[in-house]
Amino acid sequence: MQIPVQPQERRIEGVGTTDQQWQAWPGLALMPTITAHALAPPGRRVVIVAPHPDDEVLACGGLLQLLVAQGNHIVLVAVTDGDASHPGSALWPPERLRRMRPLESAQALSALGMAFDNCVRVGLPDGGVTGQLTRLRTRLAALLHPGDIVLTTWRLDGHPDHEACGLACALATADSGATLVEMPVWTWHWAIPGDIQVPWQRAHRLLLPDAVLRRKRTALQCFASQMQADTSTGQPPIVAPHALERLLRPYEVYFL
C-alpha cells in the first residue's frame, strides 16, 4: 500500500519537482493509458480552452495532431492574449506581447498541421481571469453544445488563470452537457509524486508516437517570447528547459 504524500503549496517558484523525480515514481508507469479515439471519438467537436497562447500546445500538442488525423472538428478558445508575461520588460512590453503571442500560437498550430481559422479570442486580462469567471462561464456556455469534448487546464493547476479556466469550464460543461477533460501543466512543477491534492485516480496517459512528439517539440519553438531569456531584464525564459522537459515526455496526461 502506497502512503499518501502530504499536499504541497501550489507555488510556481524555482525549479520545482524535476522530471527525474517524476520518472522515479512508479505511479506514472502504473497510470492507465487511453487513446485519442477514446478521449474524443471521431465526429465529436473538440473545444480547447487555453488560458494563454502556448498552453494549448504545452498541454495537448500531441493529442491535437492525433485529432486532426482522425478528422475531429477543433475549436480553440484563446482566453487571454498573454500580454502580462514579462512585467517591466523593454524587449517584451504588453503591447508587443498582445500582438505577437497570438501570432506565435497560430504558427505553432500550423506546425502541428492545424489551421487557426477556428479560434475564438475572448480577450480577458492576462493574470485576471479569476475576476472574470462569470463572464468566461457565460461565453463558454453560449459556445458549447451537448456532446462537445472540452479540454482545459486543471482547476488546481497552480496558475490562477489556469485554475479559473478549469473552474469556468467545469461550470459551463455542466450547463451545456459537454464533457470536460482537464490537463495538468504547472502541476508538474509544484506537486510531488503521490501528492494527495492531485486526482491521480482520474489520470490517464496518452502515448505519443515519436513523430508526434518531435512535431510538438518543433511547434513549441514558435513561442519565442516564452522560450527565450529576456535580455532587457536578465530574466530566464518563462518556460525554462526544466519545465519543457516535464511537458515533452512521450505521453500526455489527462484527468477524465
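Say we look at the stretch 140-159 and pick out the residues that are in a helix (DSSP H, G or I) and touching a residue at least 24 places away in the same chain (Cβ under 8 Å); which of these is nearest to the chain's Cα centre (by Cα)? Walk me through how you get there before you give the answer.
We begin by selecting, within the stretch 140-159, every residue in a helix (DSSP H, G or I); these are 140-143.
Of the ones still in play, those that are also touching a residue at least 24 places away in the same chain (Cβ under 8 Å) are 140-141, 143.
Numbers: Leu140: 17, Ala141: 20, Leu143: 20 Å.
Going through the qualifying residues, I end up with Leu140.
Of Ile238, Ile192, all but one fail to be at pLDDT below 95 and of a type in the set (A, V, I, L, M, F, W, C); the exception is Ile238. Out of Arg135, Arg121, which single residue is within 17 Å of the chain's Cα centre (by Cα), over 19 Å from Gly71 (Cα atoms) and surrounded by fewer than 18 Cβ atoms within 10 Å (Cβ to Cβ)? After applying the criteria, what remains is Arg121. The residue pairs whose first member lies in the stretch 52-65 and is at pLDDT below 95 and assigned to a helix (DSSP H, G or I), whose second member is among the hydroxyl-bearing types (Ser, Thr, Tyr) and surrounded by fewer than 24 Cβ atoms within 10 Å (Cβ to Cβ), and whose beta carbons are closer than 9 Å, counting only pairs six or more residues apart or on different chains, do not exist in this structure.
If you filter the stretch 227-241 down to residues that are under 14 Å from Pro87 (Cβ atoms) and surrounded by 14 or more Cβ atoms within 10 Å (Cβ to Cβ), you find that the one that is farthest from the chain's Cα centre (by Cα) is Thr233.
Picking from residues in the stretch 28-51 that are of a type outside the set (D, E, K, R), within 30 Å of Asp126 (Cα to Cα) and assigned to a loop (DSSP other than H, G, I, E, B), the one that is farthest from the chain's Cα centre (by Cα) is Ala40. Among the residues of the stretch 160-177, is any in a strand (DSSP E or B), buried (at least 18 other Cβ atoms within 10 Å of the Cβ) and either among the basic types (Lys, Arg) or modelled with pLDDT of 95 or more (or both)? Among the residues of the stretch 160-177, not one is in a strand (DSSP E or B), buried (at least 18 other Cβ atoms within 10 Å of the Cβ) and either among the basic types (Lys, Arg) or modelled with pLDDT of 95 or more (or both), which makes the answer no. On the given criteria, is Val49 within 27 Å of Pro160 (Cβ to Cβ) and in contact with a strand residue (DSSP E or B) (Cβ under 9 Å, 6 or more places away or on another chain)? So Val49 fits the description; yes. Taking the stretch 209-243 as the range and being part of a helix (DSSP H, G or I), in contact (Cβ under 8 Å) with a residue 40 or more places away in the chain and touching a helix residue (DSSP H, G or I) at 6+ places or on another chain (Cβ under 9 Å) as the test, the residues that pass are Val212, Leu213, Arg215, Lys216, Thr218, Ala219, Leu220, Ala224, Ser225, Gln226, His242, Ala243. Within the stretch 12-27, being in a helix (DSSP H, G or I), more than 19 Å from the chain's Cα centre (by Cα) and in contact (Cβ under 8 Å) with a residue 40 or more places away in the chain holds for Gln21, Gly27.
Considering (1) under 28 Å from Ala240 (Cβ atoms); (2) part of a loop (DSSP other than H, G, I, E, B), the lone condition that Leu103 does not fulfil carries the number (2). A single entry from Met100, Met114 fulfils the requirement of being within 17 Å of Asp54 (Cβ to Cβ), crowded, with 18+ Cβ neighbours inside 10 Å and either among the polar types (S, T, N, Q) or over 17 Å from the mean Cα position of the chain (by Cα) (or both): Met100.
The values are calculated or read from the model by the stated rules, or taken from the named source; none is laboratory data. Everything quoted here is computed from the prediction, not taken from an experiment. Every residue, glycine as well, gets a Cβ built from its backbone with ideal geometry; the counts of neighbours run over all protein chains shown.
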